[in-house]
Every structure is written in structure tokens, then in C-alpha cells.
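What follows draws every value from the coordinates through simple rules; no lab data is involved. Since this is a predicted model, take the numbers as computed values, not measurements. When we count neighbours, we look across all protein chains shown, and the Cβ atoms used for this are built from the backbone with ideal geometry, even at glycine.
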């Protein structure tokens, strides 16, 4: 492969116009041991360990939806395609990405336009994750440039595919450390005809999460289950449940759920669809913890019923604000950006229940000093290092973004 | 005479057989090491019965520690290991080789913990798929992936093959329902991947392990999601006079925003055989039959079926029947579920497992028919129409010399066709030995080399299930 005349790898920002050009640039950077930051829209650039890269590889030149078959529930787009374009295209045919991706700019105070590649690389999933699966579950195919400058494909455009090792899953949530994604294919879903939200007011965290899980254990296919302690969504605590489906079905399920949840107090249906949509958007985007921007924010995943106990343990020795999504299994928690930002306390509180935590927002010096991603057990770290070497032998992609050494 | 090659057995390992067996016997209770030829014979093949190889020995450990001891020993001795669940693989994923020890996990078959509130179950890996659902049924829960072999197949095998089933359009496949595993690496290291929470930290090793066909490690325990059962379910049956019309009807149902829990397709030969066996009341004068099932309360089912029937009527179905009773639903499903068994009564067959973009169905079925005609063979097609997973049954007669080879050749042509139209070689059965030599039709050498380099991180010496998945030539060895 030859390098295009328009670009040399000594430029600070490399913007390939094609997959082939991207591969050539990566090969040249690998040969020169030139580390690269990968940049889509940059909306999540401030997550993880700061990367010392000599150049930035931008996906700005790799755009466009390459396939959309509504009847087959599949869409594919080049990595630099704005997420908004994909969501708009799907909405025109009454469809959506199943996992309800967040607008990360709200919490991170960032600007720019989120891209398909950035979404896939960060495996970011919103409230519907409990019912519809994570971003990684909707990803059915990828094309990427590995550290040798080779174009690799895995998966494809069909939703059932067990041919060979599933590198799609590896690419999801690797934060760019395993290569430059050039194209991602997603399984999509029809948008529901009706969305209904029930709210119970005034429950404490333990009771609120209990109510969420009572609903999640019902046959009514809850697609959103969040608890906002007092002072976040309103003066009183709000326990929120969402049901989506055809209108008669949603109405029936609302009625059944009200009955089921009676022991927790009256469950009122939010009448204003706009208000309900805004509430779930705020849960999805973590808007409740957006301010003050100076505070550190953790994203904690644990067993749902353990959520309140983990949060209470942190609140016992720090000024913490938090709320629960995923029926209590996802805790978003803000603390002052001081010392270790409660890292040790959170990991200790998590230990008896299992789970993991990511420092989602903090100043760069703190992210450099702490481990923003959950430290891995030694054998898993060894495997991760091996995988990194197997994909990116020169270690040029986002070095150290997730963990030192990979 | 069959066409798939096995590697030459390592004569040095064969020569050390007695010492290897003695070494294994020191690690395990006497009844966990199987050496006699009679007893080993039960392990010489799986559901791809045309192929069989007698393993060096078989071990049936009862604990993660015993699995670790066996793997550590085999690693140190350079002995190949073929992990085995229940041996139901249709792609030969569990077929041994002469110089390998079969490591069966079937003795580890207990439920360890059920957490209904958090909707998870922790099980030993040798438990059968159906036993998980049975263990949680009294509280109204179930484990979603439901391969046809669910009575016999193990969760270990399901994880190795990333198994699916008839209901994955709504519920996903194994990888979407798996939260954590305990896995033993080849050197005996025990690792915990994931847990009872959602989404593991770091690289998605769980996603990598799922579907890796026993080549990265041996799973001994798993945590899976369990789901609350729907209040009820009911199918509708519709027959069309062309494959195109049936395909268009499927597209219209999905286009209307309806995701049925199952959407099954049968062509005329499949309908005929299933009806003769199950007496399900299938129409015999149609070219294509759809079974569409929806879930929910009675009122929800009525509403959804009304919508589906209204769509189907736009396509002038030759037959259209909504099930009105439990017995009728059971009969409709009995026909579909007995398809493979019913076909087995009239002919030998190879069950293929490609996936295609669903819009390509009419073209693909036409080509499949031409391909099989070209070899002088019959074919019947069963299709998970919602997700594109196609099961052509290539019919042959084992007693006619050369017919199996012809059927294999036809099967290979069909799978290449699936790839050509944008699909893949296997939707839920796995590559095993069956599709190993077709991998270059789906993947470039670069794609395969990348997969093999990652495989090499876990097993650099290619000791774990080595004859499978990747073509025997051109292997990347570190």
C-alpha cells in the first residue's frame, strides 16, 4: 500500500478519506512507532487515562450509512458517521438503536458530534439496556484497521452468526485500544407505538429499588427502571418505570403494574408524554449530576439489589449525590474531585456484591493518577495484554487509555 | 469414505498413552478416568455421526479444581484436549482425535444459586439447557436460548457454540444471556470473567469466549440471566403459494413494528414430511408455510394476532389459521419441532446452518433447489425467518455409495451461497470440523490470522480442540 500524497504521518491530525488510506496511515505509524489517539466527534475524549499520542487519527473523513434494510432490522455506517444521522434515518422508518445511547456531552460538558465509531468503542448503553441488551449486543459486525495496518472484518450484516471468534465484542468497549473502527453494523428495533411511564413518589433508596425489581420480575417487560433520590429529579424521591409497546398492551400493563406495586404506594402514570420523554433522557444522559462540572462522577455496575447498599457506603464518608438506573444495578455517583475521589471506598463497597466501576468524569490529573477503569485480576490483565499485542503489536492505538500497558 | 480431514495423530503422544493415563489417574478418582475401548466408544463422535475418532482417554472431572489439574497436566505433557458437554454438536465440535484426551464436564451438573429478585442463576457448566429452565420454572422464570437439543445439550456446549434457538429474534442468543463464567485456562489458571452484574470491565472477554468452540479454555461454571415467562403465547399458521409472497409477508410484519417471539418458515417438502409425522393440520397445497407466535396476556395476544392477520391478508394467503386452543398450539409446534426427526424417518440428511439477509430468501431457495438437483439430491428447508437463519436439510441415502460425499458437496455449495448473498456459514451450530475448510469463503487470510493470533494468547501450542474452526493449513502459531 502506498501513502496518499495528501497526508504524511508527521501531521498532528491524520484524516483518511477511505478505509484503505486509513490502513496505509496506520501501517506507516506502526513502522515509525508513532502512537495515535483516535478521534470521532470527541464527545467522550475526556474519559479514561490521558493518552500521550503524537498524532490524532480522525474518522471525520469516513462517513456515510452504507446499508439500511428496515425489514431486516439492520443498519451499517462508517465510523465517522454522526450518531444523530443514524438515529434520524432510523426514526424516518419508525426504528431505533435498541440500547438508547446517551448524549455524553451533557455529563462531560463536551462539544462536538458523537459518531458511530465512538459509540461502539465505548459500548455506551442507556436505560433500555435492561430489556434490549447493551450496545455490544446490538453490534453484529465491524470492520477495523489493526495495528499492522490490515483491514479486518468480523461478524457481518446478519443477526445470527457464530462463524469464528467474535471480534465484534472485543471491539465494543475497547476505547480504541484495539484498532481503528472503520464501519459498524447494528441490529435495530422498531420504535414502540406507545411509551408509558409510572412514577411512585417518596420511597427511600432500598424500597425504591425493591419496587423496581418487583416490576422487573413481572412478565410486563419493563424497558426503563430508575430511582431518583429526593432532590435530584424533584423535591421528593421518584421511582420510575417505563413500559413500551402497542397501545392496548401498554395500557393493560400499566394497570397490572399499578396493582403489583400497590404495596409501595400509588403509582401514577405521567400524563405528559413530553415530560416522560425528558425524564428518561435525563436519566440516560445523567443530567442530574451534570453540575457542578468540577465534581467527579463514577459509573458503577453491580447486582441490582446491591445498588443502594453500595451507594450508602460511599455516602457514609463522602458528600455523594447519586441515582440508580437498570433497576438499581447501575449507580451514577458524584463526589468532590479530591484525593482518590472515593475510588478505594467504592471498590471496597462493591467487593462483597461483585461489580465494577469507571471514573466517568474527573480532571485529567486525577484520571492520570487513579485507575479510571476497574483494575483487573492478574490473569485477566495478562490475557488483556496478550490480546492487545495480538491486535496492536507496536502498541500505537490509544496507549494506556484503559490500563497502563495496553 | 468421508471428505473432512483430521490431523495425523502425534505418534509420540500415542506412544506415551500408558504414562499419560497413569498421570491422569493420579489426579482424579478412578471412575473419572475412562480408558477401555468399549467405554471410550461412547465419546468417539457427536451429532455429526459420519465422523468418529477414538480418543486417547476420557476424563470426567467433578470440580473446577479437577479440571484445572487435568489441564495443567496436559499442558505440561503437550497432550491435546477436546472439551465436551453432551456431545450434541451438529458441526463436529466435540469429535475427538486419537491423540487427545476428551474432557467431559457432564458430571458438573448442579444449580449452585438462584437469585430470582436479581434474575440470575449460577450453574455448573455440565447442566443441561432445559434443566436451568426447569430449576426456575416454579417461580415462573425461564432461561431464554432454546436450541432444539435443549433436553440434552449442556450450558458449557451452548457457551462454546453461542447457541441460539427458535426464540432468538426476541430474546437473543447465548452471548446476550450470559453474565459470567468460571473458566480454566490451559495452564490450569482459574479465571472469573464477568459476574452477576451487567457488562464486565476491561475487554469483553466474555463475548470473546462465547462461541470460541472450546479453544480458549474450559468453562466450569456460568451465571446466566433468567427471565420471567410471558403470561401466554399463541401461534398463527399461514400458507402462501410462493416463497416470495411468504418472504414479503415477513418483511411487512417486521416493517409494521411487530417482533413476534418466533417466526418460522417451512417450504413444501418440509411441510409434507412434518404433516405426515405430526398431523398438525398444515396445508399441503402451499409452497411456503409461516408459523408466527406472539406472547402476552390473552387480550395482548388477540391484539397482536389481529394486526398480524390483517397484514397477512394483504398477501392473499391460501391458508390462514390462528390457534384457538392449547391443543391446537401444541400441534402446530409439534410439526415444526419434529421436523428433523420426521425427516430422519424418510431419508438420511445433512442439516445445514447458514444465515442470509432475509430479503434474499426467494433467490437463495431457488439456488438451493438447483444446487441439490445438480447433485441428484432432494432438499427441504426450515428457516428462522425473522433472523435469517436457514436450515436446509440435504437428503441422501447412506447406503448408496458416494451419496454422502455428494450431500457434503451440495452443503458446501449452499453455505458458499449464503456467504455470497451477504450472510454467513453458520448461524447457531458453530464451525467445528464441518465448516472449517469453508472459512476462507467468509474470511480473508488477514481476518483469520487476526482471529488465530487472539486464539494464540490463550493456547499458543494449539492443544485445545485443535482440529476445529480454522483450516488445518496456514495456521498462525506463535
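Worth a mention:
- With eigenvalues of the C-alpha gyration tensor scaled by 5 and rooted, the stretch B:347-420, Å: 22, 11, 9
- Taking A:156, A:80, A:41 as the candidate residues, the one with maximal mean-square fluctuation in a Gaussian network model of chain A, Cα springs under 10 Å, is A:156.
- Rough spin-label spacing in nm, given labels placed 7 Å along Cα→Cβ, for residue B:111 and residue B:307: 3.4
- Taking a ≥ b ≥ c as the square roots of the eigenvalues of the Cα gyration tensor, an a/c ratio of 1.5 or more together with a/b larger than b/c marks the stretch A:253-406 as prolate.
- In the frame of its principal axes, the protein assembly as shown has Cα extents of 78, 64, 63 Å, reported largest first.
- Mean Cα-pair separation over length for the stretch B:111-228, i.e. relative contact order, pairs under 8 Å, 6 or more apart, %: 32
- Modelled this way, with points 7 Å down the Cα-to-C-beta line, the labels at residue B:345 and residue B:366 are 3.4 nm from one another.
- Square roots of 5 times each gyration tensor eigenvalue, C-alpha, the stretch B:232-340, largest first, Å: 20, 17, 11
- Whether the stretch A:287-369 is rounded, prolate or oblate, judged on the alpha carbon gyration tensor where a/c under 1.5 counts as rounded: prolate
- Between 0 and 90°, nearest 10: helix B:326-337 axis offset from chain B longest Cα axis: 60
- Anisotropy class of the stretch B:336-478 from Cα gyration tensor, a/c 1.5 cut: prolate
- Note on chain A: GNM, Cα springs under 10 Å; of A:44, A:348, A:153, the largest mean-square fluctuation is that of A:348.
- Against chain A, whose longest principal axis comes from its Cα atoms, helix A:205-216 is set at around 80 degrees.
- Potential extension, residue A:93-residue A:247 segment - 0.36 nm per residue separation minus Cα distance: 53.6 nm
- Computed over all pairs of different Cα atoms, the Kirkwood value for the hydrodynamic radius of chain B is 23.3 Å.
- Angle of helix B:445-458 to the longest C-alpha principal axis of chain B, folded into 0 to 90 degrees and rounded to 10: 50°.
- With the alpha-carbon atoms of chain A aligned to their principal axes, the span from lowest to highest coordinate is 69, 52, 36 Å, starting with the largest.
- √(5λ) per eigenvalue of the Cα gyration tensor, the stretch B:111-228, largest first, Å: 21, 15, 14
- GNM on chain A, alpha-carbon springs under 10 angstrom: the most fluctuating residue among A:339, A:118, A:327 is A:339.
- Quarter the surface of the alpha carbon convex hull of the stretch A:194-283 and you get the mean projected area, 5.1 square nanometres.
- Residue A:230 versus residue A:17: modelled label distance in nm, points set 7 Å from Cα along the beta carbon direction: 6.2
- In the stretch A:240-317, Rg over Rh equals 1.05, where Rg is the alpha-carbon radius of gyration and Rh the Kirkwood radius from pairwise Cα distances.
- Partner shielding of B:252-261 amounts to 3, given as the average count of beta-carbon atoms from other chains within 10 Å of each residue beta-carbon.
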